[in-house]
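Each reported figure results from applying straightforward, stated rules to the coordinates on display, with no laboratory input. Note that the structure is predicted; figures quoted are calculated from it, not measured. Here the Cβ positions follow ideal geometry from the backbone for every residue, glycine too, while neighbour counts run over all protein chains shown.
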Amino acid sequence: MLVAKIGYNPYNNYPKKTSFEGIKPFDLNYVLKNRQDLLPERVLKKVRTVAASGIKPLPTLKDVHKSIYSPLLNCKTLEEAKELFPEFSKMREADFAFERYTGNIKRLTENGYLENNFALKMLQEVWVNLKSQDEIAKKMGLKGRTGLGWILQKIGFVNYKSNYKTLLMSSDPETRAVIAAKTTAWNAAHPDLMKAKNKHAAQFCKTPEYKKAHSERMFEYDKLHPERREKIREFDRAVWAKIPAVRAAMSDFARNQGGFIKQIIKKTVNGFTLTPEEMRVKKGFYKKFWKAHPEMLEKFKQAHKLVREERAMKKSKI
């Protein structure tokens, strides 16, 4: 009996969710294991301490971040902020003379933004209120973040890594839901762009370099998570049990192939993990079989869909 995943992927026929839907928010343990390189040093130290404390439930990364940097809101000057947070020590206020007094500089000066603790307010907006430069620029009456970015560069503004902001927002259920809703709405409003993006991604996934790297990643992952392979085997056994004729035809087809193919099929049947090279060869074998028996591919699709529906129904009753 064949129990391996095959070249055809029936999941591609189902609607895609946004990356934030159906996934639990990232907790501190996940952050430490997978994303600690994004965390500012002060936050990383605090996260390690909190995660090791054993408290339950763990606060979110967003909560930890705000607990650290909220004192910025009580600062009256940039110098006070520097005393509390040495990582901002090289910043300076924006009350110095700029090389030119036109455009955005003139507009912000006339509105009082550059003369009234501008640098401190930028720290408060970005590090405590978690505002983006686009949001801040809009609030100040600027057309975009470009002009603001130039001024921030002049005052030596210290920012966190761009992906850190995404990590912060996705760690909190409420802001995560907001991101998911905005993403879904944007995708719905730009179907042509989404189609082009998906096509480009699909073409990249077909490159030999990507396939090889992906196969190696999954091979290493399966060694660390054998439960994943077992779930896949259980699912496939249920699928093949519904189509014995297809299973028998595939076994006959394998007998006419080379010895290496037979060895791979034998390992697959016995539930052994295949090497990346064996996975590649096995995929080619399945591709040949479906091409020779297209009517059986349709039967497999139907069986796969039926098992998914049965399991979903069973899960909903629990």
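Between HIS190 and GLU234, the contour length at 0.36 nm per residue exceeds the Cα-Cα span by 11.9 nm.
Rounded to the nearest 20 debye, the dipole size of segment 28-169 about its Cα centre is 540 debye, using +1 on the Cβ of Lys and Arg and -1 on the Cβ of Asp and Glu. Separation of the alpha carbons by more than 28 angstrom is noted, of LYS262/LYS301; LYS154/LYS197; LYS45/LYS82, for LYS154/LYS197. Exposure proxy ranking for CYS205, CYS75, based on other Cβ atoms within 10 angstrom of each Cβ and starting from the fewest, stands as CYS205, CYS75.
For GLU277 and SER53, the FRET efficiency from 1/(1 + (r/R0)^6), where r spans their Cβ atoms and R0 equals 35 Å, is about 0.15. Annotation: aspartates and glutamates with alpha-carbon distance below 15 angstrom to LYS199 (same-chain offsets under eight excluded): none found. Once C-alpha pairs closer than 8 Å and six or more residues apart are averaged by separation and normalised to the residue number of segment 227-318, the relative contact order reads 37 percent. Taking other C-beta atoms within 10 Å as the exposure proxy, MET91, MET194 rank MET194, MET91 from fewest upward. Listed by chain and number, the lysines placed with their C-alpha closer than 17 angstrom to that of LYS305 are LYS5, LYS16, LYS231, LYS242, LYS314, LYS315; residues fewer than eight positions away on the same chain are left out.
By the rule of a C-alpha distance below 16 Å, with chain neighbours fewer than 8 residues away ignored, the aspartates and glutamates paired with LYS288 are ASP252, GLU278, GLU298.
Residue ranges 116-127, 62-73, 139-150, 225-236 sort as 116-127, 62-73, 139-150, 225-236 when ordered by packing (mean number of other C-beta atoms within 10 Å per residue, highest first). With a/c under 1.5 counting as rounded, go ahead and sort segment 28-169 into rounded, prolate or oblate using the C-alpha gyration tensor (a ≥ b ≥ c being the square roots of the eigenvalues; past the cut-off, prolate if a/b is larger than b/c, else oblate). Because a/c hits 1.5 or more and a/b exceeds b/c, segment 28-169 counts as prolate.
Along the Cα→Cβ direction, 7 angstrom out, place labels at LYS45 and ALA213. What is the inter-label distance in nm? It works out to 3.5 nm between the two label points.
Across segment 193-318, the volume of the C-alpha convex hull divided among the residues equals 156 Å³ per residue.
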